Amino acid sequence: MPSVDPERLGAFARFLWRRFLDDRCLETASALSYTSVVALVPLTATLLGVAAMFPVYAHGGDALTAFLFRHFVPGAAASIADDVRTFAHSARSLTGWGAAGLLVTALLTMASIEDVFNRIWRVATPRRAWARFLVYCAALVFGPLLGLIILAISSYVVSLPLVATAEQAAGVHSGLHLLPGMLEWIAFAAAYVVVPNRSVRLLHALAGGLLAAALFEASKFVIAVYLAHASYRQIYGAVAVAPIFVLWIWVAWLVVLLGASFTAALPAFRHRPLPQKHSPGFEFYALLRLLGRLAHADARARGLHSERLLTLEPMLDDDLLQHLLGLLAVPRVIERGGHGQWRVLRDLDTLELGQLHALVGLPLPLGDAVLPCNGDALGRRVGAALASLREPLRGPLRRSIGSIFQNDRQTNPGPSNA
């Protein structure tokens, strides 16, 4: 069993926390908590509507809603479930325009969540509008349907004659107590794979989902213990459930975003030897190497996933890779396909080096330095191209600053017109 390096573990923890703060996850959790409260009734109405589409699940929507509030919300706030179901049933009787408004609210909430996930994963280009709409509709339809199927299977297992005795039924019920935690793990991992507009390794998503599920259950327990000894009801009276529920939604979003940051940090955190690290200002060299990799794959009618690009270019970390891919994707030099692979979109034979420099806005490496990975064929070609840019500038760059203002010393330049 490999030993854990405490220094590496501490460095990763600092890296994760810095990303969590840089992505403004604390503020984002606050915004998403209020957005979720607003969208709670539309989402519940959608859940009930999906259940009503299948006669076999005529009353399954209420059962699923009760299951969700019973297992995923602290007991002190779970009493709001009846009110939410009442509002959702009322919402189903709205006119076409009213129902459309609720659907738009639900879709906008999901769009906000996707934007946050894209920021955490450093994705510069979101999905196209039609692709986002299809993903959201699939989540709204198949999410509740999957929950109804799981509830039906669990009810069927408990009712089997094989587990009819009290002892056997108790054993099955004990096993079913693990179901909420398993559902949380699967749901978090699935969200970390599906929501960002980039390919995410399943192993990383499972690790992040497991962390989020564990923190979710721990947070639920801590809040329940705290509220058992707090005086919320003495202060707020009958409306005490409202601040408790909003607090829980905020904590839940913190857990979700921390799990997302953890998942995104796993491929981004890398220890590399010094020769594999590139100096600041040499991003243009790295960008040309990326284009070379994509052009080589495009000649074989293939694309490359982000993970493959990281393997081919060990000098890059995930953050810099996503930044460079975003710079190339915005002017449509490359694009991300439906399967998550990056492909060249423009004809590179007609794209000039100066045009590319103007499109991406990266500084050219003007100084002499050892370029990383300059020993391979791609590094030699890119290095030679950049050297041809530096060579005409060597003489002018040796000019002293004083010589620029030499005439100003002899004559008064006069006041500036600025």
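Structure notes:
- Residue check for Pro280: loosely packed, with under 15 Cβ neighbours inside 10 Å and either within 18 Å of Tyr192 (Cβ to Cβ) or modelled with pLDDT under 90 (or both): yes
- Scope region 117-159; condition at pLDDT 55 or above and either β-branched (Val, Ile, Thr) or touching a Cys at 6+ places or on another chain (Cβ under 7 Å) (or both); matching residues: Ile120, Val123, Thr125, Val135, Val141
- Sole residue being crowded, with 16+ Cβ neighbours inside 10 Å, out of contact with any strand residue (DSSP E or B) (no Cβ under 6 Å at 6 or more places or on another chain), under 26 Å from Asp349 (Cβ atoms) and of a type in the set (A, V, I, L, M), chosen from Leu321, Leu294: Leu321
- Scanning region 358-410 for residues that are polar (S, T, N, Q) and modelled with pLDDT of 80 or more yields Ser388, Ser400.
- Any hit, region 24-32, residues being aliphatic (A, V, I, L, M), in a helix (DSSP H, G or I), modelled with pLDDT of 65 or more and buried (at least 19 other Cβ atoms within 10 Å of the Cβ): yes
- The listed residue being modelled with pLDDT under 80, surrounded by fewer than 21 Cβ atoms within 10 Å (Cβ to Cβ) and either outside the structural domain of Asn374 (by TED's automatic domain parsing) or not aliphatic (A, V, I, L, M) (or both), out of Val194, Val241: Val241
- Matching option when the condition is at pLDDT below 70 and among the charged types (D, E, K, R), among Glu114, Glu184, Glu167: Glu167
The values are calculated or read from the model by the stated rules, or taken from the named source; none is laboratory data. Since the structure is predicted, the reported quantities are computational estimates derived from the model, not experimental observations. Positions of Cβ are backbone-derived with ideal geometry, glycine not excepted, and every protein chain shown enters the neighbour counts.
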